[in-house]
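Right, one structure below, let's go through it.
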Amino acid sequence: MNLKNEMDIIERYYLYNRVGNSDGFAASIQDLQQHIDLEIQNYEPGTRICHWEIPQRWYLDSAGIYDTSGKPVWDLTRHPLAVWAYSQPFSGTLRKTELKQHVFTNPSHPTRIPFRFHMMFRHWEKDWGFSMPHQTFEALADKTYNIIIKSRFTKEPMQTFTYESKGKSKEVVLIVAHWCHPGQANDGLSGAAVGIKLIDELKKKNHYYTYRFIGVPELIGSMAYLDLLTHSGEADALKAVLGLNFLGHKDSMLLFKSIRNRSRLDDYLYDTLINSGISFQSLKFKELVDTNPALTSKKNGIPPVYMGGGTGDEAPFEAPGFAIPTTALTRKTPYPEYHTDADNPSFVSLDHLSEARAILMSAIDILEQDWIPIPKFKGLPCLSHPEINLFKRPLRESGMPRKDVDITPEIDYHQLSTYIIYDFDQKLSVFELSRKYNLPFNIMKAYLEQWEVKGLLKRSRCPMIKHNVE
């Protein structure tokens, strides 16, 4: 099977039991390696990083709840969510009342299998259990059941994987998504699929920056990768991070800007979204979002329900000691299918995934083309001189509109040339100047390239962190 698009990736890997350090996670990466030239990073169990501890590799061979005749009433074959991640081995007989302590259900969605993820972030907890639809557990007779969980732990490493498109520079824009949510199509895997196909697209282009996608176990994978780069001396090469998640369902997009809005990608993505006409919200770094503002209000007496901002994976990169400007792109969450077995490929759409990738690609195009114009002159150049010939007559002369206008009426290049000259010492980029003068980026870029051709300006590459930050 060729992974031609994002849906191919999602459909192939969502049912792998992709718990952070597990045989399912490792197997999915090994399979993906047959399709793309990824690199695998290994992290030894027991390694401690800022109080995160790399867990041992978890193997789940079989697991089930059986009645006294040996008939399974619930087992691993139902779905990857059917058994809690990192469950300890167990064999015993329990009554339903005792079993209840080891069964996770969600009465709000009684027909769905909920995702019990707690031990993925608390590896020191030693427990076991099952997730099942609430109505399934309620229907179980109040009698004795045999429980068998055949799991084991080994000292094999936790893994992340990277897939990159090399640029002229060793400076890296890192694109991060988690690969660790078993049985989930939109949560985690949609962002990873978009990131992988974005790299595929970039490989067909010439570009300055190196773009690198990384698939991680959520949070701990990002921390482990940063620790790896720190020890290898490569952490300083990371100039910006893009976190991706929840991109496959039908809802408005959410743009979470970097701390103090200091990443240029914040602005490039914002303008791209504005120009696309797509419904979106622009938010601060990890800003909480009211999931239903029409319902929750003081008037209705219903307290707001907030969803934590961003994708999760971007958090370590902005943390103290690294402070890498990090932007996140998602769609509005939570959705009714969130963290249940209903988050499956039928819930996501290739159109929505492709739309997200197109937005990202357009923003990256601006990043690659933006530059800071540096004046090569002192004083006021005579733009009408034949050697320069950049003078444009004003749209109005002697207070009257001209009848022989030979330029686009919407753009007064005379006014632009009169005032923009005083911005050159401010080290504003072409994009920032286009914003200031309310012009499309491509129009401003083409105009300043005329000045460059005439020898009036030279280019300076834009630093990833903006000159003026909030």
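Between amide H atoms placed 1.01 Å from N, distances below 5 Å from TYR16 occur with GLY183, all of them 5 or more places distant or on a separate chain.
For VAL348, the shell of other residues with beta-carbons less than 15 Å away shows a net charge of -4, using +1 for Lys and Arg and -1 for Asp and Glu. Screening the chain for whole DSSP H helices with an alpha carbon extent of at least 27 angstrom along the helix axis and a mean Kyte-Doolittle hydropathy of at least 0.0 yields 350-369. If the segment from LYS250 to GLU449 were pulled out straight at 0.36 nm per residue, it would be longer than the present Cα-Cα gap by 67.6 nm. Translational diffusion coefficient of the chain (Stokes-Einstein, Kirkwood radius from Cα pairs, 20 °C, 1.002 mPa s): 86 µm²/s. Full extension of the chain segment joining ALA358 with THR77 gains 97.4 nm, where the gain is 0.36 nm per residue of separation less the Cα-Cα distance. Could you tell me whether segment 1-102 comes out rounded, prolate or oblate from its Cα gyration tensor? Rule is a ≥ b ≥ c as square roots of the eigenvalues, rounded for a/c under 1.5, then prolate if a/b exceeds b/c, otherwise oblate. Judged from the Cα gyration tensor, segment 1-102 comes out oblate (a/c at least 1.5, b/c at or above a/b). Summarising the strand pairing of the chain, around 65 percent of its internal DSSP beta bridges are antiparallel.
Stretched out straight at 0.36 nm per residue, the stretch from TRP124 to PHE391 would grow longer than its current Cα-Cα span by 89.0 nm.
Helices in the chain, meaning DSSP H runs of at least 4 residues, each add -39500 (n - 2.57). Divided by all residues, the mean residue ellipticity at 222 nm is -7500 deg cm²/dmol. Among ASP271, ASP75, sorting on how many other beta-carbon atoms sit within 10 Å of each Cβ, with the fewest leading, yields ASP75, ASP271.
Remark: ARG152, ARG264 ranked as ARG152, ARG264, counting other beta-carbon atoms within 10 Å and listing the fewest first. Farthest toward the positive end of the dipole of the chain, out of TYR413, SER87, PHE104, is the Cα of TYR413, where the dipole comes from beta carbon charges about the Cα centre. A simple spin-label model places the labels of GLU234 and LYS166 1.2 nm from each other, with each point 7 Å out along Cα-to-Cβ.
Residues whose amide H falls under 5 Å from that of VAL73, counting only those 5 or more places apart or on a different chain, are ILE65, TYR66, ASP67, with hydrogens built in the peptide plane. Computed from the Cβ-Cβ distance with R0 of 45 Å, the FRET efficiency linking ILE259 to THR136 stands at 0.50.
Under 5 Å between amide hydrogens, built in the peptide plane, is the criterion, and for ASP127 it picks out GLN88 among residues at least 5 positions away or on other chains.
Using the beta-carbon distance between HIS51 and ILE465 and R0 = 25 Å, what value does 1/(1 + (r/R0)^6) give for FRET efficiency, to the nearest 0.05?
Once rounded, the FRET efficiency stands at 0.30.
I need the calculated FRET efficiency for the pair SER62 and LEU439, taking r as the beta carbon distance and R₀ as 60 Å, to the nearest 0.05. With a Förster radius of 60 Å, E is 0.40. Give me log10 I(q)/I(0) at q = 0.16, 0.17, 0.20, 0.25 Å⁻¹ for segment 100-195, Debye formula, one equal scatterer per alpha-carbon, no solvent. Result of the Debye calculation: -0.93, -1.00, -1.19, -1.39. Taking a Cβ cut-off of under 13 Å around TYR145, the surrounding Lys, Arg, Asp and Glu residues balance to a net charge of +1, with basic ones at +1 and acidic ones at -1. Shape class for segment 59-154: oblate, because the ratio a/c of the largest to smallest gyration tensor axis (alpha-carbon atoms, square roots of eigenvalues) is 1.5 or more and b/c is at least a/b. Put in line by how crowded their Cβ is, counting other Cβ atoms within 10 Å and starting with the fewest, TRP451, TRP124 read TRP124, TRP451.
Readers should treat all values here as calculations from the given coordinates under stated rules, not as data from a laboratory. What you are looking at is a predicted structure, and each value in this text was computed from that prediction instead of being measured. For neighbour counting, all protein chains shown are included, and Cβ atoms are generated from backbone atoms with ideal geometry for every residue, glycine included.
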